[in-house]
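The values are calculated or read from the model by the stated rules, or taken from the named source; none is laboratory data. Quick caveat: nothing in here was measured; it's all calculated off a predicted structure. Backbone-built Cβ (ideal geometry, glycine too); neighbour counts: all protein chains shown. To get the accessible areas, we keep the full protein, side chains included, count just its heavy atoms, and leave off ligands, DNA and RNA. Shrake-Rupley method; radii C 1.70, N 1.55, O 1.52, S 1.80 Å.
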Amino acid sequence: MRQPMVVGNWKMNGSRELVQQLLTDIKTSLGPQPCEVVVAPPYVYLEQTAQLLADSPILWGAQNVSSESQGALTGEVSADMLADFKCRYVIVGHSERRTLFDEDDGIIAQKFGQAQKSGLIPILCVGETLQEREKHQTEAVIVRQLSPIFKAGYDLKKAVIAYEPVWAIGTGLAATPLQAQEVHALIREECRRSDQEAAESLRILYGGSVKASNAKSLFEMSDIDGGLIGGASLNAQEFVNICKAVK
Ligand code: PGA
C-alpha cells in the first residue's frame, strides 16, 4: 500500500506574515491527517515553518538544492543545510528550474544524488511541453528525463516522482485523469525495469492545475498517489480540501 501524499509548492511567494497565517489555518482546518502532507516554502522561511509545524504531523521540504555538497558557490544551498533545517523532502527538476534556470537532466540527477546522500527524499519532477505532446513525444521525453536517475543507480525506494505536464502548470488546464494515469503507468513501468520492488512502493504524484474541484477524480486513478500543488497551495482551505480528496 502506498501512502498518498500532497505537497504544496509555494514557489517564490510568501512573507513572514503569510507563512504564519497559512500554516496556522492549514493546521486548524486539516483535522485528522488524511494523507502525508508536506509544504515547500522558500528557503528563508524554512526555520519559521519548522517552528510552526513542530507540534504537527505536517512535514516540510525545499524547492531546490545545490548539485554540490559545499564550497565557494555563492547563493547556493546544500542538501546538508536542508537536512539541518529538518527538511524531509526536496523538489528537484521542476519545469521552472529546467526552463528558466537551464537545469538539464544531468544536473538534476546530481541534485537528486545530493539529496539522498544527506538523507532527504527527492521529489523528481518530469513532464512534457505542449509541443512535445502534440508531436507524440511524451513517452520519449519522460523516459529521457528518468534515465540518468536509473543509470546512476539511486535508491528508488527513497524517492518520489511527480508527473507535471508543463502545459498544465499554472494554466488552469489540468491533464484529464486518463491522460495523467497513462503517463503515471508509464513511469511506474520504467521504474519496474530498474527495481521491481521499488516500483510498487514508489509514490507518483500528479501536478499541474490541481484544485479541490478536480483533485478527487485525479487521485482516484490507480497510479496517482497524490499531488504536487502550486497555486492552490497558497490558499489554506483549498489546499486542505485537496488533501482531503485523496483516496
Ligand atoms: P500549479 O503548479 O498547481 O500552480 O499548476 C504546480 C507546480 O508547479 O508544481
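Just the residues that are touching a residue at least 60 places away in the same chain (Cβ under 8 Å) and among the aliphatic types (A, V, I, L, M), please, taken from region 43-62.
Passing the criteria: none in range.
Name every residue in region 112-126 that is open to solvent by 10 Å² or more (accessible area, probe 1.4 Å) and in contact with a strand residue (DSSP E or B) (Cβ under 8 Å, 6 or more places away or on another chain), in order of residue number.
Scanning region 112-126 gives Gln116, Ile121.
Quick one: in region 31-49, of everything that is open to solvent by less than 70 Å² (accessible area, probe 1.4 Å), at pLDDT 95 or above and more than 16 Å from the ligand (Cβ to nearest atom), which residue is farthest from Gly75 (Cα to Cα)?
Looking at the filtered set, the residue picked out is Cys35.
In the set Leu18, Leu52, which member is part of a helix (DSSP H, G or I) and open to solvent by less than 50 Å² (accessible area, probe 1.4 Å)?
Exactly one residue qualifies, and that residue is Leu52.
Inspect region 114-130 for any residue being outside any strand (DSSP E or B), more than 22 Å from Met5 (Cβ to Cβ), at pLDDT 95 or above and in contact with a Lys or Arg (Cβ under 8 Å, 6 or more places away or on another chain) and give the result as yes or no.
no
Return the only residue of Ala140, Ala159 being away from the ligand (no atom under 14 Å from the Cβ) and either under 16 Å from the mean Cα position of the chain (by Cα) or within 17 Å of Leu218 (Cα to Cα) (or both).
Ala159
Among the residues of region 21-44, which ones are part of a helix (DSSP H, G or I) and either at positive phi or of a type outside the set (Phe, Trp, Tyr) (or both)?
Answer for region 21-44, where residues must be part of a helix (DSSP H, G or I) and either at positive phi or of a type outside the set (Phe, Trp, Tyr) (or both): Gln21, Leu22, Leu23, Thr24, Asp25, Ile26, Lys27, Thr28, Ser29, Leu30, Val44.
Report yes if Gln70 is surrounded by fewer than 20 Cβ atoms within 10 Å (Cβ to Cβ) and within 22 Å of Leu228 (Cα to Cα), otherwise no. Lay out the reasoning, then the answer.
Values: surrounded by fewer than 20 Cβ atoms within 10 Å (Cβ to Cβ): yes; within 22 Å of Leu228 (Cα to Cα): no.
So Gln70 fails the test.
Within region 11-22, can one find any residue that is touching an Asp or Glu at 6+ places or on another chain (Cβ under 7 Å), at pLDDT 95 or above and farther than 19 Å from Ile91 by Cα? Before you say what the answer is, go through the steps one by one.
As a first pass, look at region 11-22 and keep what is touching an Asp or Glu at 6+ places or on another chain (Cβ under 7 Å): none.
Checking region 11-22: not a single residue is touching an Asp or Glu at 6+ places or on another chain (Cβ under 7 Å), at pLDDT 95 or above and farther than 19 Å from Ile91 by Cα.
Considering only residues that are part of a loop (DSSP other than H, G, I, E, B), closer than 26 Å to Trp167 by Cα and touching a residue at least 24 places away in the same chain (Cβ under 8 Å), which ones fall in region 63-103?
The answer is Gln63, Asn64, Val65, Gly93, His94.
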